[in-house]
Amino acid sequence: MTQSKAKVEIAGKESLSDGWTKLVGYQLDYTDSKGETHRLPREVYHRTPAACILLYDPKRDIVVLVKQFRLPAYLNGDPAWMIEVPAGLLDGDEPEAAIRREAMEETGYMVREVRFLFKSYTAPGSITEVVHFFAAMIDNADRASDGGGLEEEHEDIEVLEIPLSQALAMIEKGELIDLKTITLLQWLVVNKGLLGA
């Protein structure tokens, strides 16, 4: 069976919400690989592209993470103050420029050499958001401010410097449950040499 025989046509769409994110309801006519057509309802959140970065200090063997409130986790009954890598929307910037800005705003670290790793859909079944993943080595001399986010955006971000081994243990304990962060920490374990560490 090959998906190349499948065909999709948008039969209708309706704006369901146009607030913090845009939610659109779609009706799809999906003709599957057997030639059968089905009307499928789908809802898609249209989110702008974003970027995230793993900040790693090889001298101290620590990663710089941030902790902030996340409503979806709160609604699910999970820890609402999630530990994550610095991240943010591109806001019209190129991915590298955006992640340099976000790293400084959230953590206070100025990043020197930034390595682009890959881009990925976060939840391709329901969200258009594409995230650009980066990594950078830092040290104490790169700390230019306290970070914590922007007051005008009502960000309330705690900066954490965590030993790499502890961050990895936090995944197994369920204390670190953000997928982009888990992905970047696992990338670091496998690819430390690519950062020159």
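The values are calculated or read from the model by the stated rules, or taken from the named source; none is laboratory data. Predicted model only: the values in this text are computed from it and were never measured. Methodologically, a virtual Cβ is constructed for each residue, glycine included, from the backbone with ideal geometry; neighbour enumeration extends over all protein chains shown.
Some points to look at:
- Residue identified as within 15 Å of the chain's Cα centre (by Cα), surrounded by fewer than 20 Cβ atoms within 10 Å (Cβ to Cβ) and assigned by TED's automatic domain parsing to the domain that holds residue 171 among 70, 112: 70
- For region 6-27, the criterion of being in contact with a Pro (Cβ under 9 Å, 6 or more places away or on another chain), among the hydroxyl-bearing types (Ser, Thr, Tyr) and surrounded by 13 or more Cβ atoms within 10 Å (Cβ to Cβ) is met by at least one residue.
- Counting the residues of region 48-98 that are among the acidic types (Asp, Glu) and farther than 18 Å from residue 171 by Cα gives 5.
- Taken across region 140-157, residues that are at pLDDT 90 or above and over 17 Å from the mean Cα position of the chain (by Cα) do not occur at all.
- The condition of being modelled with pLDDT of 90 or more, closer than 16 Å to residue 160 by Cβ and among the aliphatic types (A, V, I, L, M) holds for residue 53.
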